Each structure stands twice: as C-alpha cells, then as structure tokens.
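The values are calculated or read from the model by the stated rules, or taken from the named source; none is laboratory data. For clarity, every value in this text was computed on a predicted model and none was experimentally measured. Because the Cβ atoms are built from the backbone with ideal geometry, glycine has one as well, and the counts that use them run over all protein chains shown. Note: areas computed on protein heavy atoms with side chains; ligands, DNA, RNA excluded. Shrake-Rupley method; radii C 1.70, N 1.55, O 1.52, S 1.80 Å.
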Amino acid sequence: MNKAILIGRLTRDPEVRYTQSGVAVCTFTLAVDRRFARRDANDGQPTADFIPIVAWRKLAEICGNNLIKGRRISVEGRIQVRSYEAQDGSKRYVTEIVADEIEFLDSRSSVQHEGGFGTGAPAPQPQPQPQSKPADAGSFGPSIPDEEIPF
C-alpha cells in the first residue's frame, strides 16, 4: 500500500500550470515538522522536512485559487518517484507526493495576520463572514462554486 498523510505549512505560493491537453497541475512545497530535534543541534530547534506536493485537475485549481504561503494544510496522497534527463544529460530522480485529498486547516486571513509562518502557536479560529462573490476581477483560473470548495 502506498499512502502518505502529511500536515504542514506551504513554503511558497502554489504554482498552477496547464498541460498541452489543458489539464491543470499545481505544485508547491510543504514544510512538515519532525517530532524530534536534530542530534547535532544544541539549541533544540524543531527540524522540518520540505516535501514537494503535486495536485492535478480540479484539486489543482482549488489549491491555486485558495492556498498561499504559510497556510496550514493536510495532504493525503501517494509517494511517487520519477526520473528525467537533465539538460546536461544526467539522470535526475524526483520524489514527491501526488495529492488525492487536501484539507485546509486554517483560514487565509489567519495566515495573513500571522505574517506567513507562525511561531508555533495555534491559529485563531476563523470567524464566520458573509460570502460575497467578486466579479471575476483578476481571479486566477476558473470560478468554482462555493459548494465545491472543500472548507
């Protein structure tokens, strides 16, 4: 069985591209804290792993429209190892998580108030706000109905 479940924060804004056949693909990196400190670190600072994540199709568009750097999410998917030939002719290997499900664990506004990566303190609970639909002013990707947004 190949299944990975991760919880962490985005290290940068997601990047959405489209294949030649029009399929959306979103890539970003997730910083996942380890439960233990490095042995060589005397200061006891937590250590993080930086895991590349790939989402496809509708999930890719949802990520591109709603995720920003510092946002805390959970990702459920599978580990994929692929290889390609670099420009210099050498063979390169990439290990990444192909996301099947992504859950947003905080609100976009809490990330903006914390200034991206927080201090480890829990994010404030989001307050319900009335939903307003912008008039497609510079939005990224297709508009997605509120019923299909997973939060």
Per the filter on the stretch 90-122, residues more than 13 Å from the chain's Cα centre (by Cα) and either modelled with pLDDT of 90 or more or open to solvent by 100 Å² or more (accessible area, probe 1.4 Å) (or both) are S90, K91, R92, Y93, V94, T95, Q112, H113, T119, P122
Checked against (1) aliphatic (A, V, I, L, M); (2) open to solvent by less than 30 Å² (accessible area, probe 1.4 Å); (3) more than 16 Å from C26 (Cα to Cα), L67 satisfies every condition except (3)
Just to be sure I understand the filter: pairs with C-beta atoms under 9 Å, separated by 6 or more residues or on different chains, first member in the stretch 18-32 and exposed (fewer than 12 other Cβ atoms within 10 Å of the Cβ), second member aromatic (F, W, Y). Which pairs pass? V23/W56
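Mind listing whichever residues of the stretch 1-17 are among the hydrophobic types (A, V, I, L, M, F, W, C) and in contact (Cβ under 8 Å) with a residue 40 or more places away in the chain? Outline the logic, then answer.
If we filter the stretch 1-17 for residues that are among the hydrophobic types (A, V, I, L, M, F, W, C), which is where we start, we get 1, 4-7, 10, 16.
Hits for the stretch 1-17 are A4, I5, L6, I7, L10, V16.
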Return yes when S83 is polar (S, T, N, Q) and in contact with a Leu (Cβ under 9 Å, 6 or more places away or on another chain) and no when it is not. no
Six or more apart or on different chains, Cβ atoms under 6 Å: show the pairs whose first residue is in the stretch 94-107 and without any contact (Cβ under 8 Å) to a residue 40 or more places away in the chain and whose second is surrounded by fewer than 16 Cβ atoms within 10 Å (Cβ to Cβ) and in a loop (DSSP other than H, G, I, E, B). S107/P126
